[in-house]
Amino acid sequence: MKLFYHLFGSLLVGMILLIGIDEYLSFLVEVKQFEIDMVTNALQTGNSISGMIAHTWQESGEKKALELIEDAGKSGTMRIRWVWADTLPNDVTVAADDQEQLTRLNLQEKATLKIHDPNGETLLFTYIPVDIGQERNGALELRQTFSALQIYSGRMLIRAIRITIILALFCGVILYFFIHHKIRIPLTRLTKQAKRIGQGDLRGNHTVIGTDELADLAKTMNEMCASLLIAKEKIKFEYDARLKTLDQLRHTERLSTFGLISAGIAHEIGTPLNVVDGRAKMIISEELNDEETKECAAIIKSQAERMTLIIRQLLDFTRRPKQHRASENIVILIKQIFQLLHPMSSKQQVTFALSKDEEAEVVLSVDGSQIQQVLINLLMNSVQAMPDGGTVSVYVSNEMLSGPQGAYRPLQCFLKIRIVDEGEGICKEDLEHIFTPFFTTKTIGTGTGLGLSIAHGIVEEHGGWIDVESSVLNGACFSVYLPLKDDNK
């Protein structure tokens with residue numbers, strides 16, 4: 001109900017201001033009218049008794065007239081007395097600031113003064129000149145207090161407070177029920193629906209009865225849910241299609257790599273086949289004794305196992321494996337790749353060298369077939385970059401890094417596989433494009449332009465990255481970083 005308190009507080013402040021301003025303006029009008037009524041009343045009273053006082057003074061003397069004035073001042077709230085013009089300033093006790101008004105007073109005509117006594121009380125003095133037939137001038141002094149006005153002001157304040165309280169209660173009750181039924185309940189439902197949308201629940205089944213803005217908002221949220229649901233299905237379809245296409249491209253690249261190494265594999269199989277053929281002919285000739293026959297059979301068996309191992313490695317590489325991760329020893333995996341690429345490398349007089357830090361951790365959870373494809377692509381590129389022969393060096397180590405350049409993540413231990421060749425290197429213009437799909441510097445028929453792009457994507461899926469350095473004199477260096485801790489489980 002925070003909204004209720006904010007609105008009610010604002011409304012209450014507004015009502016207090018409005019009522020306060022109204023009461024203040026009314027008070028000013030009432031005070032002005034009250035003073036006018038007091039002056040009018042004093043003048044009427046003074047005029048009504050001034051003639052009687054003058055007549056009594058002339059007929060019965062000063063004493064009788066003063067007694068009559070004293071009797072007239074005893075009744076009511078108005079005090080009446082006789083004052084002489086020459087002694088007036090000394091006969092009235094008032095505040096020092098108002099004493100000057102009495103000094104300037106002329107009792108030959110009617111006058112009204114608003115002054116204060118020493119106690120701070122406001123008084124209204126009205127002077128009515130009376131002709132008593134003497135040279136000495138005198139007048140009736142009618143004195144009135146503003147105590148009635150103070151009482152009236154207190155009543156107006158109490159009235160304003162009562163009106164404010166009644167209006168606050170009335171408006172508060174109406175505002176509470178209005179906000180509760182028209183705003184709070186619909187907003188609570190819409191908030192819950194927004195949280196469900198944030199959690200992935202796109203069922204837009206909420207309605208708000210009415211034609212106000214909240215009903216329009218509920219309708220808009222339902223339409224948004226429908227649009228998001230359609231977009232979600234579309235994204236899922238496109239994502240599945242992308243994964244399928246990516247899997248097909250990776251398999252195509254494997255088959256392309258198989259085509260490049262098949263010639264060397266055929267030559268590798270040719271040697272044991274010749275051995276098998278020769279030994280089989282020796283057995284058929286029946287010119288061998290039992291010991292020689294057994295020796296030939298053993299040689300045929302070993303060569304057959306050698307050919308079976310080569311063919312199995314080749315089939316394992318070309319087969320489209322299921323996506324799964326397991327603990328793999330990267331050093332063993334690299335050695336298997338060396339054996340698979342040996343026919344191609346030996347043909348170009350390229351040798352492989354593997355070195356590993358003594359304390360390096362080399363077992364991690366990866367998809368072995370995918371990492372094999374990455375390393376085969378990189379090693380084949382190194383072999384093809386050295387047509388005149390040379391050495392491809394592979395270094396395996398561990399490093400504590402926060403991520404690729406420009407990334408800001410906590411330090412983490414990575415397995416680093418550094419592949420260095422002695423080829424011609426990569427020019428600076430091509431370095432920024434080497435991971436772009438279908439970009440290749442090889443001649444037609446020797447590359448698809450997908451190898452490095454696919455390798456880059458596979459390593460990223462494993463939470464790592466590939467760095468490349470190149471020198472025209474010292475060849476190229478590819479560094480593969482794979483996290484030892486699998487964060488993608």
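The numbers here are math on the coordinates, done by the rules we state, and not lab data. Note that the coordinates shown come from a computational prediction; the quantities given were computed from them, not determined experimentally. Counting neighbours? That spans all protein chains shown, and the Cβs are built from the backbone with ideal geometry, glycine included.
Below are the figures for this structure:
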{"quantity": "Cα→Cβ-extended label distance, 7 Å offset, between E461 and I161, nm", "calculated": "7.9 nm"}
{"quantity": "Derived scalar couplings ³J(HN,Hα) [the range 36-44; Karplus, 6.51 cos²θ - 1.76 cosθ + 1.60; whole Hz; x for Gly, Pro]", "calculated": "4, 5, 5, 5, 4, 4, 5, 5, 5"}
{"quantity": "Other-chain or far-sequence residues with amide H under 5 Å of R79's (modelled H)", "calculated": "R143"}
{"quantity": "Distance in nm between pseudo-label sites at S227 and E429 (7 Å out along the Cβ direction from Cα)", "calculated": "4.6 nm"}
{"quantity": "Zone of T87's modelled label, taken as backbone nitrogen in the range 141-159 under 16 Å from a point 7 Å along Cα→Cβ", "calculated": "141"}
{"quantity": "Other-chain or far-sequence residues with amide H under 5 Å of Q412's (modelled H)", "calculated": "L401, S402"}
{"quantity": "Exposure proxy ranking, count of Cβ atoms within 10 Å, fewest first, for R136, R189", "calculated": "R136, R189"}
{"quantity": "T391-E358 FRET efficiency (beta carbon distance; Förster radius 22 Å; 0.05 resolution)", "calculated": "0.50"}
{"quantity": "Segment I299-K281, length gained on full extension (0.36 nm per residue, minus Cα span)", "calculated": "5.2 nm"}
{"quantity": "Förster-model FRET efficiency, 51 Å R0, Y24 and R196, C-beta, rounded to 0.05", "calculated": "0.45"}
{"quantity": "Loop sites in the range 336-399: GluC sites (Glu not before Pro), DSSP, at most 16 other Cβ within 10 Å", "calculated": "E358, E359, E361"}
{"quantity": "Approximate spin-label separation T112-A148, in nm, with each point projected 7 Å along Cα-to-Cβ", "calculated": "1.3 nm"}
{"quantity": "Under 5 Å, built H, 5+ apart or other chain: amide partners of L354", "calculated": "V394"}
